[in-house]
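Shown next, in C-alpha cells, is the structure this report addresses.
The values are calculated or read from the model by the stated rules, or taken from the named source; none is laboratory data. For clarity, every value in this text was computed on a predicted model and none was experimentally measured. Heads up, the Cβs are rebuilt from the backbone with ideal geometry, glycines too, and the neighbour counts pull from every protein chain shown.
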Amino acid sequence: MDTDTANVVDSEVVVIGAGQAGLSTAHHLARRGLAPGTELVVLDGSPAPGGAWQHRWPTLTFGQVHGIHALPGMELTGADPDRPSSAVLGEYFADYEDHYGLRVRRPVRVRRVRDDGAGRLLVETDHGVWRTRALVNATGTWESPFRPNVPGHDRFRGRHLHTADYRGPQEMRDARVVVVGGGTSAVQHLLEIAPLARSTTWVTRRPPVFRSTEFDPEEGRRAVALVDRRVRAGLPPRSVVSVTGLPMNEAVRRGRQDGTLDRFPMFDEITPDGVAWADGSTVTADVLLWATGFRPAVRHLAPLRLREPGGGISMDGTRAVRDPRVHLVGYGPSASTIGANRAGRAAAREIDALLYGVRPARDADARAQPVAA
C-alpha cells in the first residue's frame, strides 16, 4: 500500500535506535551541525533510555559487565558495581540524552524503510512516516535473538528460554538446565544458575577458548579486521567472542575447577525429556536455555535490497554499498561500545558529505579498532 504523502514529515537525517550506536551518531551529527531549519530525528523502539541494557536480566550487575566504553563527551563515573546494569546504564543514557538535548521519540517502532522514487527514503513507523535524505540504522541485535533449528525442538515438554527472555536464576531453582552457547552470556548464566539448579549442563558447538591475558589494542585491531573482511565480502558478521575468546576472571576459574564450566559438544536431537547425542548418550532437562546470541535487527531495511548473495550487507566504512544514503552503525566491525562511538563519528562525517557535498577524508576509526563489549 502506498504511503499517504500528506502525512509525511520531512527530515534531513533519521537515526533508528538510541543505544550506544544511535546516541553516539546523533551526538556527532548534532556537533557537526545540520543546515538551518533542518531536524535530526532519533527514533527508538524501546520504552525508555538505555538501549539493549534496559532489557538485561536483573542479576547482571554493573560490576559484572566488562569493556563498557563511555558515550562521547560524557564519562560514566561513580556507579555502584552492585546495582543492576540495566538501572545504571539506563540512568546514564537518560542523563546523556538530556545533557545534549537529544530529543528521542519513543517508543516508535519502524516497520519498513523504502525508496520514495524521488531520491529520498521513507521511514514508515507505527507513529507516522518520515522522509529523509540520509538514514542511520543503529538498531543493534537485541530484538533479533537467534535460536538454532535443532531436530525435535517442538517435541520438548520443558521450557525453551533465550537470553532475551532470561530474568535471573531464581526461575531455575531445582530445575535441570541445559545451557546452549559459547559466549559470555552462557558463562554468566551457568555461574549464577548452578548454585540453585538441580543440575546444569553446558553445550557448545566449538570448544570454548578462555583468554587469560588482557586484550591489548593490537589484538583488538586484528579481531575487528576479521569481522570487517566478512562484512566487506557481503557475509553476515561474526560475534566478537568468536574472534576474541572468553575473558577469564576469578568466578570463571572457580567454575572451571568445580565442573560448572565443563563443556559438552552440541547435541544432535532434542527429545521430549531433554537432549540426545548420536552416540546414544542423553541428558534430562526441564529447561533449555539458548544463549546462542543475536542477529542484526535489519528486517525493516528489506525493501531496500541491501543484502548480498552471501547473506550480509556489504559495507564501505559505515555506508551500505548498495545504497550510500544508508549507514549502519553498531553492525559488523562497529558492534562494540568503542567501535560504535568511532563509527558514529565516521557516519556523521560521511552524511555531512552526502548532504552538503564535501567529501571528508576516510576516517580510519571506522575500519579497525580495539573491541569492547
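Values computed for the structure shown
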quantity: Answer from G330, G339, G293, G280 - the residue that is crowded, with 19+ Cβ neighbours inside 10 Å and modelled with pLDDT of 90 or more; calculated: G293
quantity: Hey, R325 more than 28 Å from H66 (Cα to Cα), modelled with pLDDT of 95 or more, surrounded by 14 or more Cβ atoms within 10 Å (Cβ to Cβ) and basic (K, R) or not; calculated: yes
quantity: Residue list for the range 66-119, filter: over 17 Å from A52 (Cα atoms), buried (at least 20 other Cβ atoms within 10 Å of the Cβ) and touching an Asp or Glu at 6+ places or on another chain (Cβ under 8 Å); calculated: V113
quantity: Filter result for D165 (without any contact (Cβ under 8 Å) to a residue 60 or more places away in the chain and at positive phi); calculated: no
quantity: Failed item, numbered, when D352 is tested on (1) within 30 Å of E192 (Cβ to Cβ); (2) outside any strand (DSSP E or B); (3) more than 19 Å from the chain's Cα centre (by Cα); calculated: (1)
quantity: Residues of the range 267-317 classified as within 30 Å of V136 (Cβ to Cβ), part of a loop (DSSP other than H, G, I, E, B) and either free of Cβ contacts under 8 Å to residues at least 60 places away in the same chain or of a type outside the set (D, E, K, R) (or both), total; calculated: 14
quantity: Exclusive hit being surrounded by 18 or more Cβ atoms within 10 Å (Cβ to Cβ), in contact with a Pro (Cβ under 7 Å, 6 or more places away or on another chain), under 24 Å from R345 (Cα atoms) and not assigned by TED's automatic domain parsing to the domain that holds S199, set G312, G317; calculated: G312
quantity: Filter pass, A175 being buried (at least 23 other Cβ atoms within 10 Å of the Cβ), in contact (Cβ under 8 Å) with a residue 60 or more places away in the chain and not β-branched (V, I, T); calculated: no
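Condition check ((1) acidic (D, E); (2) over 29 Å from W53 (Cβ atoms)) across all residues:
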{"position": "R131", "(1), (2)": "no, yes"}
{"position": "P145", "(1), (2)": "no, no"}
{"position": "R155", "(1), (2)": "no, yes"}
{"position": "E171", "(1), (2)": "yes, no"}
